[in-house]
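**Student:** Please find one structure pasted underneath; my questions will follow.
The values are calculated or read from the model by the stated rules, or taken from the named source; none is laboratory data. Since the model is a prediction, treat every value here as computed from it, not as a measurement. Here the Cβ positions follow ideal geometry from the backbone for every residue, glycine too, while neighbour counts run over all protein chains shown. These accessible areas exclude ligands, DNA and RNA; they are computed on the full protein's heavy atoms, side chains included. Shrake-Rupley method; radii C 1.70, N 1.55, O 1.52, S 1.80 Å.
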2 protein chains.
Amino acid sequence: MREELKLENIRSNLIRLEETIIFSLIERAQFAQNKIIYRTNGIPIKNYSGSFMLYLLSGTEKLHAMVRRYTAPDEHPFTEVPKEQLLSPLAYEWPIKKTEININAEILETYIDKIIPLICKKEDDGNYGSSSVNDISTLQAFSKRIHYGKYVAEAKFQDSSLEYTKLIKASDSGAIMQRLTDKKVEEHLLERVSLKAQTYGQEPDVKNPVFKINPEIIKKIYADYIIPFTKKVELLYLLERTD
Amino acid sequence: MREELKLENIRSNLIRLEETIIFSLIERAQFAQNKIIYRTNGIPIKNYSGSFMLYLLSGTEKLHAMVRRYTAPDEHPFTEVPKEQLLSPLAYEWPIKKTEININAEILETYIDKIIPLICKKEDDGNYGSSSVNDISTLQAFSKRIHYGKYVAEAKFQDSSLEYTKLIKASDSGAIMQRLTDKKVEEHLLERVSLKAQTYGQEPDVKNPVFKINPEIIKKIYADYIIPFTKKVELLYLLERTD
């Protein structure tokens, strides 16, 4: 099996991404919700009709696309990015099957409608730029973590390809999902995330630390959104997986 | 005195920025030094002669400039940014005197030459994009923290304007620097940073946690670079400060 598909490597990547996600959420939470940045034309921008945050997200992705970000198997854009590149193309070896699966539209909607209200004060503090820049890092971390489901699925498929092939041929999504689910692993992950959220979200020199984000909320974001989205990507990937 | 210049507000902003700086350093440290991203034409980019990281930094700053980032009194670009803006200009009230002081060139050089080798493995792991994107966040956090010295200096000036005016008129940099220095406050800050670095840099669920960055190194970065640079900005600001 290829290095990238060894379960211990996948696991350590996913664990390391937890820090990135928790740090990003804590950074975003220092600013208010600032709803206006998500509203189409909420802040009028010359020659652009979209939201302020989307303007910055799209500009950032265009820039990153120029240096080849979205040719990597673990990167997925939220917006339309140019095919043109300023670097000579790199021949990545793809450890997974090439697929068009990209659930970023759903991630973006959930992030704005569900996650932001969970972590931010429902106010406007005028910090539109900082909020958007932090949104972009957080969304990129979410997207990377969730689409890493493709790697998880490929590793699981290679581990028991006979069983999966049978279910895939029958398009039995329910049974595939059941096979993908390991409640014990999920519970262990949620405990670890909660512990990290407690550790990173506190002001360590203060007598009675107030958490920057309630650790239960970070746990909830994993339980209700990040894990289900990752499993959705795993399922979508497997449904397309044929040898 | 204006809200932004109250010492308790300045203090709480500086303390909050410690998290941002420590999180960014930890994020950057997960990737190797990747020296090639800092070398002019190290990675050839069409129609651009500069380093890979500078290409991304400059593109990011141009994008942020379009939505007015660098018209805010606490934001300073590293690269040349267009005056053109896509938003109607905002009339900020400047709590400090307008000045051209911007020591980002020095911050950038120190960051690449001194700080990166302290926190990253001296290797190349091919993660050029991720390293650069993390460099940009870290540099922006450093720059914000250090140029916040203008606010510190203005607050101190307003607090004892007579004494400072005398020293400023005499251009007595040594005496100004001495007056700006409070060893006790600095030591307390370094202790707090060290404690935060310990807390945020550990893997909390592991028996014998290995720190992602040695907390002593983060303390050293504050002691050797961040504090001296901030004081340099304070001094430069005061030398220009006339009523």
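**Student:** How much accessible area per residue does segment A:3-240 have, in Å², with a 1.4 Å probe?
**Tutor:** Value for segment A:3-240: 47 Å² per residue.
**Student:** Can you give me the pair-distance distribution of the protein assembly as shown, C-alpha pairs, 10 Å bins, whole percents?
**Tutor:** 4, 18, 28, 27, 15, 6, 2, 1, 0
**Student:** What does the charge count near A:Tyr148 come to, summing +1 for each Lys or Arg and -1 for each Asp or Glu among other residues with Cβ under 13 Å from its Cβ?
**Tutor:** +2
**Student:** What figure in square angstrom, to the nearest 10, would you give for the accessible area of A:Ser88 with a 1.4 Å probe?
**Tutor:** 80
**Student:** Next question. Would you mind giving the total buried accessible surface between chains A and B, with a 1.4 Å probe and ligands, DNA and RNA left out, rounded to the nearest 100 Å²?
**Tutor:** For chain A against chain B, roughly 3400 Å² becomes buried.
**Student:** Given the protein chains as shown and a 1.4 Å probe, how many square angstrom of A:Arg68 are accessible, to the nearest 10?
**Tutor:** Result for A:Arg68: roughly 40 Å² accessible.
**Student:** Ok, one more. Residues of B:59-67, mean number of Cβ from any other protein chain within 10 Å of their own Cβ, rounded to a whole number?
**Tutor:** Average per residue, whole number: 5.
**Student:** Hey, got the average number of other protein chain Cβ atoms within 10 angstrom for residues in B:156-162?
**Tutor:** The per-residue average across the peptide is 0.
**Student:** Going from most exposed to least, what order do B:Asp113, A:Asp74, A:Asp224 have by accessible area with a 1.4 Å probe?
**Tutor:** Ranking B:Asp113, A:Asp74, A:Asp224 by accessible area, largest first, yields B:Asp113, A:Asp224, A:Asp74.
**Student:** Just add up the charged neighbours of A:Gln178: K/R +1, D/E -1, any other residue whose Cβ is under 15 Å from the Cβ of A:Gln178.
**Tutor:** Its environment carries a net charge of +2.
**Student:** What's the average, rounded to a whole number, of partner chain beta-carbon atoms within 10 Å of each residue's beta-carbon in A:125-132?
**Tutor:** 2
**Student:** Sort shortest first the distances from B:Tyr92 to its counterpart in every other copy, using label points 7 Å along the Cα-to-beta-carbon line, and give them in nm.
**Tutor:** When each copy's label point is compared with this one, the spacings are 3.8 nm.
**Student:** Put simply, what bits of segment A:20-47 lose 50 Å² or more of accessible area when the other protein chains are there, versus the chain on its own (1.4 Å probe)?
**Tutor:** A:Phe23, A:Glu27, A:Lys46
**Student:** Mean Kyte-Doolittle of at least -1.0 and a Cα length of 20 Å or more along the axis: which whole DSSP H helices of chain B meet both?
**Tutor:** Passing helices, by number: B:7-29, B:52-66, B:128-147, B:183-200.
**Student:** To continue, here is another question. Give the Kirkwood hydrodynamic radius (Å, one decimal) of segment B:3-240, defined as one over the mean of 1/r across all pairs of different Cα atoms.
**Tutor:** Averaging 1/r across every pair of different Cα atoms and inverting gives 19.3 Å.
**Student:** Shifting gears a bit: Within 12 Å, Cβ to Cβ, of B:Tyr128, how many net charges do the neighbouring residues add up to if Lys/Arg are +1 and Asp/Glu are -1?
**Tutor:** Neighbourhood net charge equals +1.
**Student:** Still on this structure, please answer the following. Roughly how many Å² of A:Phe78 are accessible to a 1.4 Å probe, to the nearest 10?
**Tutor:** Per-residue accessible area (A:Phe78): approximately 40 Å².
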